[in-house]
1. For the range 65-145, just say rounded, prolate or oblate: build the C-alpha gyration tensor, square-root its eigenvalues into a ≥ b ≥ c, call rounded for a/c under 1.5, and beyond that prolate if a/b exceeds b/c, oblate if not.
2. Quick one: pull the percent of accessible area on the range 151-235 belonging to carbon and sulfur, 1.4 Å probe, ligands and nucleic acids left out.
3. Using modelled backbone amide H atoms (1.01 Å from N, in-plane), which distant-in-sequence or interchain residues come within less than 5 Å of residue 73's amide H?
4. What does the charge dipole of the chain about its Cα centre add up to, to the nearest 20 debye, if the Cβ of each Lys and Arg holds +1 and the Cβ of each Asp and Glu holds -1?
5. Taking the Cα-to-Cβ direction at residue 259 and at residue 145 and moving 7 Å from each Cα, how far apart do the two end points lie in nm?
6. So what does log10 I(q)/I(0) come out to for the range 169-296 at q = 0.23 Å⁻¹, using the Debye formula with one equal point on every Cα and no solvent?
7. Hey, got the dipole for the range 193-257? About the Cα centre, +1 on K and R Cβ, -1 on D and E Cβ, debye to the nearest 20?
8. With every protein chain kept in place and ligands, DNA and RNA left out, what is the accessible area per residue of the chain? Probe 1.4 Å, answer in Å².
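The values are calculated or read from the model by the stated rules, or taken from the named source; none is laboratory data. Fair warning: this is a prediction, and the values are worked out from it, not measured in the lab. Note: ideal-geometry Cβ built from the backbone for every residue, glycine included; neighbour counts use all protein chains shown. Accessible surface areas use protein heavy atoms only, side chains included; no ligands, DNA or RNA. Shrake-Rupley method; radii C 1.70, N 1.55, O 1.52, S 1.80 Å.
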Amino acid sequence: VFKMREKLSAKFWLLIMTILTAMVLAACSGGDEDGDDATEGNAEGITAWAWDVNFNIAALELALEHYDNEDFDMEIIENAQDDIVQRLNTGLSSGTMNGMPNIVLIEDQRAQSFLQSYPDAFYPIGDYFNTEDFADYKLAPTSFDGEQYGLPFDTGVTGFFYRTDYLEEAGYTHDDLVDITWNEYVEIAKDVKDKTGQAMLSLDPNDLGILRVMMQSTGTWYTTEDGTIQLEGNEPLQMALENYKELMDNDVVKLNSDWSQYLAAFNSGDVASVPAGNWIAPSIEAEESQAGLWRVAPTPRLDMEGAVNASNQGGSSFYVLNIDGKEEAAEFLGETFGSDVEFYQDLVQEIGAIGTFIPASEGDAYQFENEFFNNQQVVYDFSQWMEEIPQVDYGMNTYGIEDILSAEIQQYLDGKSLEDVLSDAQAQAENQFK
C-alpha cells in the first residue's frame, strides 16, 4: 500500500510540473492580441531607438514630458544612425523581430528601402494623426502601398544663409538675393570672389547633398515614382551638374573633406554663404562674434519651368514596429508629435528643432525675432518655405546611386562629357540595382 501511494504521489507531482512548464512556455512564446508571432521590446514598457542626444533623443524626452499618460513608460536608447540602419536590416532580414524597438527614427531618404523590403514589419499609424496637418513633401517617403507608416518629424527645409557684410561689399541687398536661380547664384558667387576675395561656399566633393537640394526644387529625383532609375535624360540632374561644375571651375568654392572643416569654413569667415538645411543655423550661431552679420534668403531654384525657391536637405520620421505595444507606441506619437501645438513651441525654444507640423507655425515661438540673423523671424520663414517644398519619392537606392555618381562626377570635372557621364552612370546603376 505504501509503495502504491508513493507511485501515485510521484505521478501527481509529475503532472503538476508538466502543467506549470506548459504555462511558462505559453507565456514566453505568446504573440500580441492580433495573433502576430513577433514580440520584443521593453518588457515593462516601450522602447525607442534614435540618434543624436541633443536633437532627436532630446525631442523624444520632451515629448514624454508633454504626454498626459502616467501609465506610459518608454526607454529611449541612443544608437548612431548607421548602427540603426544595420541593426534594422540584420534583424528584419532574419525573419524575426527579436531585439527590435517599438519606435524607431529613420531618415526620410532611407525609409522606402525598409518599407518596401519589410512592409509587414511596420505598423500603419495613419489613423493616429491627421496627415493633412503635415507638409506634403514628407508624406511620400513615409508611406507605402496606400498606408501611412511614418509620423513626419523634423524638416530639412533649406535656406540661403549669407554674410550681409560680404554681399553688401559686393553690391547686393537682401532683395537681390530673394527668389533667384542657381545660375544667378553662380554669377553672384563670381562677383563676390572678384570684389571681396571670399569664396561663396564650402563643399565636400564626396557629398552630393547640394545636387539633391537643386533637384528637389523641381520635384525630381534619381528615380521615378515606380522606382525606374532616371539619370540619363534627367534634365534637372543635368542642370544641377552644370551649375555644380560652374561653381567648381570658377574658384568660388572652398573645398572640405569632413564636417569639422565644413563648420570651420563659415565660422572662420572664409565663405560668404551657406546654402543648407535649417539645422545648420545653430552651428552658424555658435560663432558669437558674427552676430548680426548673417541673414537667410529662400533657396535658389533651378532655371526651369515648375521649379520653386524651396527645397529639402535631410529630415527624418518616426515609425512603429509591428510588435507588442504597437498601439501604445502609436498613441504616444499621435498625441505628441502628431497633434500637440504647445509641444512644438517648446521643441523650437528648447531644442531648436523645426517640425513639419503645420499648425505649430502660428505659435509664438515661431514668431521669434533672432538678433543673430538681423532680427529676422528665421523659424517662421523656414516654416513658410517648408510648405512649398515639392514632394519627391526618394526610392530605395539614393545613396547607392550617389556612390556611382560621385566617381562619374570627378571625371566630369576632369573633362568627360556630361552626356557620357550620365549615360555611364545610368548603365552602372541599372546593372547594380536590377
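1. Numbers: a/c = 1.68, a/b = 1.09, b/c = 1.54.
Judged from the Cα gyration tensor, the range 65-145 comes out oblate (a/c at least 1.5, b/c at or above a/b).
2. The value for the range 151-235 is 37 percent carbon and sulfur by accessible area.
3. 46
4. Dipole size: approximately 1680 debye.
5. About 3.5 nm separates the two model spin labels.
6. Log10 of I(q)/I(0), two decimals: -1.55.
7. I would put it at about 340 debye.
8. 46
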